[in-house]
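J.: Encoded as structure tokens, here's the structure I'll be asking about.
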Amino acid sequence: MSERTFRVWRGAADGELTEYRVEVNEGEVVLDVLHRLQATQAPDMAVRWNCKAGKCGSCSVEINGRPRLSCMTRMSVFDEDEVITVTPMRTFPVVRDLVCDVSYNYDKAREIPSFTPDPKTEPGDFRMRQVDVERSQEFRKCIECFLCNNVCHVIRDHEENKEHFSGPRFLMRVAELEMHPEDTADRRKIAQEEFGMGYCNITKCCTEVCPEGIRITDNALIPLKERVVDRKYDPLVWLGSKIGTR
Ligand code: SF4
Ligand code: F3S
Ligand code: FES
């Protein structure tokens, strides 16, 4: 057992960091220490969590400036004398303390047209290649912690871009459906025009913070960009769209 210094954001957007000295035991994660703070010194501190197993995506915060799951961040990754600063995710409005309003993400999720299978395919007739199964499975590991959307510079300090950009989490969903062999909708135009694909300049910060290790940029965003470009520069598609607009 040792005593460590924690600085925790208290209050809403106009709040401030409050310093605490708190007991830490071997093998604990940051969420354990936040719970101890609640139990012993700050009973009104708002902390969102649920599974404490890295699977519900609720406990996203920033720890010493890095977006992380507090339930999966071991205290042993910090130096013995390091002050631990815990703040709410910066991209979303703070409700109170470490809890923010992540409804932007759910609004973006609702805007994506759902899976559109070919109506001519009879139940049980469709066969998927293993490579297509594996691609979807990687994207389906997402726990919706929104750390990727939180870290992306396009919206992190640019509230004005939120209307036009759905963030890596939902561009990944568009990519998943676009690359699904049984989905009949052409999602390339909306990826560009409604979900803001063009805003992404492949900085890969989203991939770096993903606790599920999903290769968001390489496996979803870049392939989606390539498809959008193919559509734009395919002479037949171009001719078709010109004739269609006359
Ligand atoms: Fe979290 Fe990764 Fe899903 Fe983004 S893609 S919401 S970082 S699990
Ligand atoms: Fe943002 Fe990820 Fe693209 S961090 S800029 S969505 S590669
Ligand atoms: Fe569920 Fe951390 S509490 S992911």
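Taken together, the values in this text are just the output of simple stated rules run on the coordinates, not laboratory data. Remember, predicted model here, so these are calculated numbers, not experimental data. Backbone-built Cβ (ideal geometry, glycine too); neighbour counts: all protein chains shown.
J.: May I ask for the distance between the Cα centers of the stretch 1-68 and the stretch 109-181, given as a whole number of Å?
T.: Using only Cα atoms, the two centres lie 31 Å from each other.
J.: Name the GluC sites (Glu not before Pro) in the stretch 55-155 that are in a loop by DSSP and that have at most 16 other C-beta atoms within 10 Å, would you?
T.: Within the stretch 55-155, the qualifying GluC sites (Glu not before Pro) (loop, at most 16 other Cβ atoms within 10 Å) are GLU80, GLU82, GLU144.
J.: Shifting gears a bit: Given +1 on the Cβ of Lys and Arg, -1 on the Cβ of Asp and Glu, and no further charges, what dipole in debye does the stretch 2-100 carry about its Cα centre, rounded to the nearest 20?
T.: Details: 13 positive and 15 negative charges, 108 e Å.
Rounded to the nearest 20 debye, it is 520 debye.
J.: Just the Kirkwood number for the chain, please: inverse of mean 1/r across all distinct Cα pairs, in Å, one decimal. Walk me through the numbers before you get to the answer.
T.: Details: mean 1/r = 0.0498 Å⁻¹.
Roughly 20.1 Å, rounded to one decimal.
J.: Moving on. According to the square roots a ≥ b ≥ c of the eigenvalues of the Cα gyration tensor, what is the shape class of the stretch 102-243, taking rounded for a/c under 1.5, prolate for a/b larger than b/c otherwise, and oblate for the remainder?
T.: oblate
J.: Another question, then. Would you calculate, for the chain, the mean residue ellipticity at 222 nm contributed by helices, counting each DSSP H stretch of 4 or more residues as -39,500 (n - 2.57) and dividing by all residues, to the nearest 500?
T.: On the way: 10 runs with 85 residues, N = 246.
About -9500 deg cm²/dmol.
J.: Quick one: 3J(HN,Hα) in Hz for the stretch 186-202, Karplus 6.51/-1.76/1.60 with θ = phi - 60°, rounded, Gly and Pro as x.
T.: So the Karplus estimates, Gly and Pro as x, are 8, 9, 5, 5, 5, 4, 7, 8, 10, 9, x, 3, x, 6, 6, 10, 6 Hz.
J.: Counting other beta carbons within 10 Å of each Cβ, put LEU34, LEU221 in order, fewest first.
T.: LEU221, LEU34
J.: Pop a pseudo-label 7 angstrom from the Cα along the beta-carbon direction at both ASP218 and THR116 and give the gap in nm to one decimal.
T.: The two pseudo-label positions are separated by 3.2 nm.
J.: I need the peptides 183-194, 6-17, 164-175 ranked by packing, meaning the mean over residues of other C-beta atoms within 10 angstrom, with the highest value on top.
T.: Ranked by mean Cβ neighbours within 10 Å, highest first: 164-175, 183-194, 6-17.
J.: Distance cut-off 19 Å, Cα to Cα: go down the list LYS108/LYS162; LYS52/LYS141; LYS189/LYS225; LYS108/LYS189; LYS204/LYS225; LYS55/LYS162 and report the pairs above it.
T.: LYS55/LYS162
J.: Another one. Would you work out the charge dipole size for the chain about its Cα centre, treating the Cβ of every Lys and Arg as +1 and the Cβ of every Asp and Glu as -1, and quote it to the nearest 20 debye?
T.: Magnitude of the dipole: close to 700 debye.
J.: Put +1 on the Cβ of each Lys and Arg and -1 on the Cβ of each Asp and Glu in the chain; which of PHE115, VAL154, THR5 then has its Cα farthest toward the positive end of the dipole?
T.: PHE115
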